[in-house]
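Peer 1: Sharing a structure here in structure tokens format.
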Amino acid sequence: MKNPRIFLSPPHMSGREQAFVKQAFESNYIAPLGPMVDAFEKEFAEVTGIPHCLALASGTAATHLALRHLGVGPGDEVLASTLTFIGSVTPVMFQGATPVFLDCDEESWNMDPVLLERALDDAAQRGKTPKAVIPTDLYGQPCELPRIRALCDRHGVPVLCDSAEAMGAKYREPESKYPISNGTSDPWRHAGADAWASVFSFNGNKIITTSGGGMLASHDRELMDHARKLSQQARDPLPWYEHTEIGFNYRLSNILAAIGLGQLEVLEERVRRRREIFDGYRQRLGDVPGVSFMPEPATCQSNRWLTVVLIDPVAFGADTNAVRIALEAENIEARPVWKPMHLQPVFKGCRFWESEQGISEKLFDQGLCLPSGTAMTDTDLDRVCGIVQKLHA
């Protein structure tokens with residue numbers, strides 16, 4: 001009999017979700033919208049310190065609405081991280097615009113601000129100011145948002161932060177442009193808090209989940225009012241169905257929002273456990289030649305959504321794919337690091353600002369995401385790490 005499957009990042013319910021779902025059923029608000037959606041948005045604003053929140057069907061939908069509000073369209077450019085999930089970028093294509101990809105830095109694996117400055121200056125010289133910049137908080141690690149925001153402000157470009165993987169993560173910003181909506185003066189701010197708008201995901205593999213869903217969050221009330229309208233088929237406020245612009249069916253189900261309320265209650269616990277799992281891997285594999293871990297800058301507190309390692313095939317004795325296959329043979333799920341967007345066939349021909357070291361391609365070549373679910377036990381960690389250690393031996 002095979003050992004039980006260890007998944008990469010499975011859902012982990014708190015037990016309270018059923019009580020909220022029961023309330024939703026008893027209220028008969030089953031379809032999108034309802035009191036659970038309202039409560040979820042309110043609680044999310046409290047947790048993140050971002051005052052206006054809109055619960056949606058996905059993080060991709062949230063990105064699409066923000067770009068639609070900005071009037072992004074054919075002939076426009078949007079700068080984006082190359083090392084990311086494709087859902088961060090496809091809304092640019094939905095609007096008929098062109099993505100321009102930026103490499104990452106070695107310190108955080110996120111968008112390199114040095115390259116961003118060059119790309120913005122180049123765009124200004126070409127008379128082609130980007131309509132937006134979309135940095136990704138990779139694997140739960142906040143990007144260098146204060147610096148990115150300052151560079152973009154200089155050119156009048158809004159920052160739409162892809163914080164889909166970073167719920168519960170924080171970064172340090174002592175002099176924020178925006179006050180925190182919960183009234184605290186803590187310099188540690190939630191991922192995405194200083195962006196013009198930020199996007200979050202509650203997909204089934206995220207640190208908290210609603211099965212499927214996302215959130216658009218912003219300090220910009222005008223954006224959020226328009227996005228709310230667009231998300232409900234852009235219906236005008238009349239007794240009959242009147243539409244003066246095209247909208248979408250993007251709202252979150254009241255039932256799924258009920259699950260989200262239960263998940264928010266255990267967010268801090270989930271972040272703590274993910275960081276413990278990361279530390280557990282580092283204790284077991286940190287001395288193995290050829291194995292290194294995703295770094296964490298001093299200005300960040302990653303949620304360690306996934307534990308990501310780099311495997312140097314020469315020093316370790318096997319490459320990343322060999323490790324992944326060995327783990328799969330023992331019923332353990334592991335995945336390569338995101339394939340950079342500039343290497344994806346669908347984005348062939350798009351501009352790419354590459355660092356001298358070609359960091360994103362190196363990370364894709366050597367990076368491996370290890371199982372990181374918060375229900376993992378020390379026995380599970382021993383099982384995963386034992387296989388990796390044997391491959392080196």
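Peer 1: Contour minus end-to-end for Arg118 and Asp38, with contour as 0.36 nm per residue of separation and end-to-end as the Cα-Cα distance?
Peer 2: 24.6 nm
Peer 1: How large is the dipole of the stretch 66-121 about the Cα centre if only Lys and Arg carry +1 and Asp and Glu carry -1, each at its Cβ, rounded to the nearest 20 debye?
Peer 2: 420 debye
Peer 1: Here's another thing I want to ask about it. Measuring from label point to label point, each 7 Å out along Cα→Cβ, what is the Asp378 to Ser14 span in nm?
Peer 2: The answer from the label model is 2.7 nm.
Peer 1: Counting each DSSP H run of 4 or more residues in the chain as -39500 (n - 2.57), what helix-only mean residue ellipticity at 222 nm follows after dividing by all residues, to the nearest 500 deg cm²/dmol?
Peer 2: -11000 deg cm²/dmol
Peer 1: Which ³J(HN,Hα) values, rounded to whole Hz and listed in residue order, are derived for the stretch 63-71 from phi using the Karplus coefficients 6.51, -1.76 and 1.60 in 6.51 cos²θ - 1.76 cosθ + 1.60 with θ = phi - 60°, glycine and proline given as x?
Peer 2: 4, 4, 5, 5, 5, 5, 4, 6, x
Peer 1: Same structure, new question: Using the Cα centre as the reference, give the magnitude of the dipole from point charges on the C-beta atoms of the stretch 223-352 (Lys, Arg: +1; Asp, Glu: -1; all else neutral), rounded to the nearest 20 debye.
Peer 2: 200 debye
Peer 1: If I take R0 = 41 Å and measure r between the Cβ atoms of Leu343 and Gln232 in this structure, what FRET efficiency does the formula 1/(1 + (r/R0)^6) give, to the nearest 0.05?
Peer 2: 0.65
Peer 1: Okay, moving on. For the residues Leu115, Leu264, what sequence is obtained by ranking on other C-beta atoms within 10 Å, fewest first?
Peer 2: Starting with the residue having the fewest Cβ neighbours, the order is Leu115, Leu264.
Peer 1: Would you work out which of Ser218, Met294, Gly280 lies farthest towards the positive end of the dipole of the stretch 212-302, given +1 charges on the beta-carbon of Lys and Arg and -1 on that of Asp and Glu, about the Cα centre?
Peer 2: Gly280
Peer 1: Strictly over 27 Å apart at the Cα level, which of Lys206/Lys348; Lys229/Lys348; Lys206/Lys339; Lys42/Lys206; Lys131/Lys177 would you flag in this model?
Peer 2: Going by Cα-Cα distance, Lys206/Lys348; Lys229/Lys348 fall outside the 27 Å limit.
Peer 1: Let me ask you something else. Just want the answer: with Cβ charges of +1 for Lys and Arg and -1 for Asp and Glu, which residue in Pro74, Ala193, Ser14 is farthest toward the dipole's positive end in the chain?
Peer 2: The listed residue farthest towards the positive side: Ser14.
Peer 1: Another question, then. What distance in nm lies between label points placed 7 Å from Cα along the C-beta direction at Glu46 and Glu269?
Peer 2: In this crude label model, Glu46 to Glu269 measures out at 1.7 nm.
Peer 1: Based on the alpha-carbon set only, what is the convex hull volume of the stretch 71-202 divided per residue, in Å³?
Peer 2: In the stretch 71-202, the Cα hull volume divided by residue count equals 106 Å³.
Peer 1: Under a crude label model (7 Å from the Cα following the beta-carbon direction), how far is Trp188 from Glu330 in nanometres?
Peer 2: For Trp188 paired with Glu330, the spin-label model returns 3.4 nm.
Peer 1: What is the sum of charges around Cys369, taking Lys and Arg as +1, Asp and Glu as -1, for the other residues whose C-beta is under 10 Å from the C-beta of Cys369?
Peer 2: Local net charge: +1.
Peer 1: Ala315 to Phe94: extension gain in nm, 0.36 nm per residue of separation minus the Cα-Cα distance?
Peer 2: Fully extending the segment from Ala315 to Phe94 adds 75.2 nm.
Peer 1: So, one more: Over the Cα atoms of the stretch 160-244, each weighted equally, I'd like the Debye log10 I(q)/I(0) at q = 0.20, 0.21, 0.22, 0.25 Å⁻¹, rounded to two decimals.
Peer 2: The Debye formula, applied to the Cα set alone, gives -0.97, -1.02, -1.07, -1.20.
Peer 1: Hey, another quick one. Can you give the FRET efficiency for Glu356 and His155, using 1/(1 + (r/R0)^6), R0 = 25 Å, r = Cβ-Cβ distance, to the nearest 0.05?
Peer 2: About 0.55, to the nearest 0.05.
Peer 1: Any chance you could list P(r) for the chain, counting all Cα-Cα pairs in 10 angstrom bins from zero, rounded to whole %?
Peer 2: 5, 23, 32, 25, 12, 3, 0, 0
Peer 1: Within the chain, which is the longest segment containing none of the GluC sites (Glu not before Pro) that sit in a DSSP loop and have at most 12 other Cβ atoms within 10 Å?
Peer 2: It runs 246-355.
Peer 1: Among bridges DSSP assigns within the chain, what percent are antiparallel (round to 5)?
Peer 2: Among the beta bridges of the chain, antiparallel pairing accounts for roughly 65 percent.
Peer 1: What is the distance in Å between the Cα centres of the stretch 211-237 and the stretch 82-107?
Peer 2: After rounding, the separation between the Cα centres reads 22 Å.
Peer 1: Quick one: among Ala119, Ala132, Ala80, which has the greatest mean-square fluctuation in a GNM of the chain with alpha-carbon springs under 10 angstrom?
Peer 2: Looking only at Ala119, Ala132, Ala80, the largest GNM fluctuation is found for Ala119.
Peer 1: Same structure again: Compute the length gained on full extension between Ile30 and Arg221: take 0.36 nm times their separation in residues and subtract their Cα-Cα distance, giving the result in nm to one decimal.
Peer 2: Result: 66.0 nm gained on full extension.
Peer 1: Sticking with this structure for a sec: With Cβ to Cβ distances under 15 Å as the rule, what net charge do the other residues near His155 carry (K, R +1; D, E -1)?
Peer 2: Summing Lys and Arg as +1 and Asp and Glu as -1 gives +1.
Peer 1: Taking the Cβ of His219 as the center, what net charge do the other residues with Cβ under 14 Å away carry, scoring Lys and Arg +1 and Asp and Glu -1?
Peer 2: -2
Peer 1: Let me ask another. How long are the semi-axes of the ellipsoid equivalent to the stretch 267-392, from square roots of 5 times the Cα gyration tensor eigenvalues, in whole Å, largest first?
Peer 2: Semi-axis lengths for the stretch 267-392 are 25, 19, 14 Å.
Peer 1: Measure out, as a whole number of angstrom, how far apart the alpha-carbon centroids of the stretch 112-175 and the stretch 1-55 sit.
Peer 2: 29 Å
Peer 1: Size of the dipole of the chain about the Cα centre, Lys and Arg at +1 and Asp and Glu at -1 on the beta carbon, nothing else charged, in debye to 20?
Peer 2: 680 debye
Values quoted throughout were computed directly from the atomic coordinates according to the rules given, and no laboratory measurement underlies them. Everything numeric in this text was worked out from a predicted model, so none of it was measured. Reconstructed Cβ throughout: ideal geometry from the backbone, glycine too, with neighbour counts over all protein chains shown.
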